[in-house]
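See below for the structure under consideration.
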Amino acid sequence: MYPLFRLLKVGVASLAGKRLETLAASRVRFLVWPNDIDTNFHLNNGRYLTLMDLGRWDLALRNGLMRLVFKNHWQPLAGGVAIRYRRPLPPFRPFELTTRLVGWDHKWFYLEQCFVQDGRAKARALVRLLFKAAQGNVPPADIARQLGYDGPDPELSREILCWREMVDASR
């Protein structure tokens, strides 16, 4: 079940929060609830992905991307996630999810999302997203400019380039 109350809470907090620059990190605090855990008594691996959606909502609402999505009738689509689970997140403990745009190419935006508890990374993920308009994919550099970003395109890390090559080779 999708955490609609969490989505509502994130949405309200995002709209009331400080606007973020295009490449700034979003930070959202959560608590591991009993309905988030699995039989191993820690945050379920599928719930990580659901909470990552909420982190992306926060980022998109706070940096103005969601306004552009609605205004232009774009459809955001996730094209892949690579996640590494390092340590478990136990129940009834708070943690922070950071989400930041780390770069783009001709088609995809690349984001990093990290789950942190007590100053330690518990899981880290790379996500790639694209935006579709009626006439096709919207170039990420165009979107970045519409968000007010006027710097050079961020250089993609070696990790992202390797992941992109692996994913694209499997088509």
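Lysine pairs in the chain 8 or more apart or on different chains: how many have alpha carbons under 25 angstrom apart?
7
Using a 7 Å offset from the Cα along the Cα-to-Cβ direction at both TYR85 and ALA25, what is the distance between the two label points in nm, to one decimal?
Modelled inter-label distance: 2.3 nm.
Just grab the label-to-label distance for SER157 and ALA133, each label 7 Å out from Cα along the Cβ direction, in nm (one decimal).
3.1 nm
Choose one of PRO94, PRO139, VAL127: the residue whose Cα lies farthest towards the positive end of the charge dipole of the chain (beta-carbon charges +1 Lys, Arg; -1 Asp, Glu; about the Cα centre).
Farthest towards the positive end: PRO94.
Would you mind counting up the charge near ALA16? Only other residues with Cβ under 12 Å from its Cβ, with Lys and Arg at +1 and Asp and Glu at -1.
Summing Lys/Arg as +1 and Asp/Glu as -1 gives +3.
Name the long-range amide H neighbours of GLY103: under 5 Å, sequence gap of 5 or more, or other chain; modelled H, no Pro or chain starts.
Distant-sequence amide H within range of GLY103: TYR110.
Packing-wise, with mean Cβ within 10 Å as the measure, how do 158-169, 19-30 rank, highest first? Mind showing how you got there, number by number?
Working: 158-169: 12.9, 19-30: 17.2.
Order by mean packing, descending: 19-30, 158-169.
Bear in mind that the values in this text are calculations on the coordinates, not laboratory data. Computed from a predicted model, the values in this text were never measured in an experiment. Note that we place each Cβ from the backbone using ideal geometry, even for glycine, and neighbour counts take in every protein chain shown.
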